[in-house]
Every structure is written in C-alpha cells, then in structure tokens.
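Novice: First the structure, which I've put down as structure tokens, then a few questions once you've had a look.
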Amino acid sequence: MDTRLNYPEIIRKILTDFAETYTRNGGCRLRILFDDKQKSYMVLHIGWHGNRYIHNAMIHIELIDDRIWIQNDNTEEGIATGLLESGIPKEQIVLGFRHPKVRQYTEFAAA
C-alpha cells in the first residue's frame, strides 16, 4: 500500500461523490455504507422501480492485504477509474468480481 495515500478516505470520497451525482430511478435511493473497522465500503440501490423492489449492491469495495478489492461494480464508467484518477496505482487495485484466472489478463493486480 502506498503509505502516502489514505485509501479509506479516498474510497469514502469517491463513493460519496458518486452517490451525489447518480440519477435515481423512480422511488429508488442510494445508501452509502462505510465500515472502517472491517474495511468494507458499499453503495446500495434500494427502493421500488414500478412494481419491482430493488435491493442491489451497486458498488462494493474492500481493503484486503493492503490492496483495494472491487468486489462489485454496477456503474457505467467503472469505479476503478475514480481510484486511478485519485492517484491509486493500478497494481494496488484488484477486480475481485473477475474470475481469478481472468484477472492476470487485466491491467490491474491479480490478487
């Protein structure tokens, strides 16, 4: 981990900025969850869209072994873009939602 960067602070800012600019669908709302003790950060999409109830993890990020693991990313642009723009090296980001055999072919860390 790059000790000059405060990963939890960067993640919280990126998720907060995302939630503030996200266009909501109907009666749905976003809920941001930060758990610094367990190093887990989420944005949930909750509510009704027509007759369908939505309860979906849009973004889930964890800090594991000094790396940022993106466990789920249902954003159009990709949350990794914001992490890179914040100065986090791609070698510190793991796309956890990709199968381990496929990760080696991405530009990010394999694990």
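Novice: Can you give the relative contact order of the chain as a percent, counting alpha carbon pairs under 8 Å and 6+ residues apart?
Specialist: Reported as a whole number, the value is 18 percent.
Novice: For the Cα atoms of the chain, what angle does the longest principal axis make with the long axis of helix 7-21, in degrees from 0 to 90, nearest 10?
Specialist: Approximately 30 degrees, to the nearest 10.
Novice: Classify the chain from the C-alpha gyration tensor, please: rounded if a/c falls under 1.5, else prolate or oblate depending on whether a/b exceeds b/c.
Specialist: It comes out prolate by the Cα gyration axes.
Novice: In the chain, how many lysine pairs have Cα atoms under 23 Å apart, counting only pairs 8 or more places apart or on different chains?
Specialist: Final tally of qualifying lysine pairs is 5.
Novice: Could you list the GluC sites (Glu not before Pro) in region 29-80 that lie in coil according to DSSP, counting only those with at most 16 other Cβ atoms within 10 Å of their Cβ?
Specialist: Filter output for region 29-80: GLU76, GLU77.
Novice: Which whole-number percent is the relative contact order of region 48-106 (Cα, under 8 Å, 6+ apart)?
Specialist: 28 percent.
Novice: Find, among the chymotrypsin sites (Phe, Trp or Tyr not before Pro) in region 65-110, those assigned to loop by DSSP (not H, G, I, E, B) with at most 14 other beta-carbon atoms within 10 angstrom.
Specialist: PHE97, TYR105
Novice: Using helices alone, what [θ] at 222 nm do you get for the chain, with -39,500 (n - 2.57) per DSSP H run of 4 or more residues, divided over all residues and rounded to the nearest 500?
Specialist: Counting only the DSSP helices, I get -6500 deg cm²/dmol.
Novice: LYS101 to HIS55: extension gain in nm, 0.36 nm per residue of separation minus the Cα-Cα distance?
Specialist: Using 0.36 nm per residue and subtracting the Cα-Cα distance, I get 13.6 nm.
Taken together, the values in this text are just the output of simple stated rules run on the coordinates, not laboratory data. Note that this is a predicted model, so its numbers are computed, not measured. Every residue, glycine as well, gets a Cβ built from its backbone with ideal geometry; the counts of neighbours run over all protein chains shown.
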